[in-house]
Amino acid sequence: HLGSWIEPFLGNIWLFVKIIGGIILLYLSISVVLQALKTKKKEKSFKKISLKTLINSKESENLEFKSTLVWNILAKKNDKNIEDSVLKTIAAFNNQKGGTLLIGVNDDGEVLGLNKDFEFGGLKNVDKFERKLRSILKSRLKGTGDYLSKQIKVSFPEWQKNKEICRV
């Protein structure tokens with residue numbers, strides 16, 4: 001009878017399929033872990049770059065300078081277009097491999113500080129500045145809200161006396 005002859009082989013084939021499936025799952029798991037470690041290593045190495053090195057660098061796909069957050073230096077008024085420019089940069093970094101935005105530094109790498117936003121933009125100190133930045137992110141990046149806002153790291157290193165900048 002043919003069925004009794006094939007049964008032992010079918011059991012072995014099923015075992016073979018299970019073993020191969022397990023090997024594939026193990027391979028995929030290891031690949032995911034290795035990719036996560038590579039990403040974490042890149043993030044850490046980029047975060048270790050000193051402020052001085054960043055400021056002395058040119059803008060690139062992962063480094064951007066913005067003079068202010070809300071204050072239009074040329075028009076001498078608060079300007080949503082300035083906010084939009086900052087927002088677009090952060091969104092672009094979020095959609096790619098990340099990056100660093102330095103607010104208070106012009107396109108030529110000259111440190112202006114945050115004083116224009118503090119004095120004229122109504123953002124009296126770093127606390128109000130950060131709240132405004134996070135408010136812009138939360139309210140205007142649709143569908144990401146708190147998640148995105150919590151993922152973005154903000155700091156206010158002092159470059160020189162009375163020249164704080166915002167590192168995002």
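The values are calculated or read from the model by the stated rules, or taken from the named source; none is laboratory data. Since the structure is predicted, the reported quantities are computational estimates derived from the model, not experimental observations. Positions of Cβ are backbone-derived with ideal geometry, glycine not excepted, and every protein chain shown enters the neighbour counts.
Values as computed for the structure displayed
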read-out: Residue in the stretch 89-97 that is at pLDDT 85 or above and out of contact with any strand residue (DSSP E or B) (no Cβ under 8 Å at 6 or more places or on another chain) present; value: yes
read-out: Residue count for the stretch 29-66, restricted to those that are basic (Lys, Arg) and modelled with pLDDT of 85 or more; value: 3
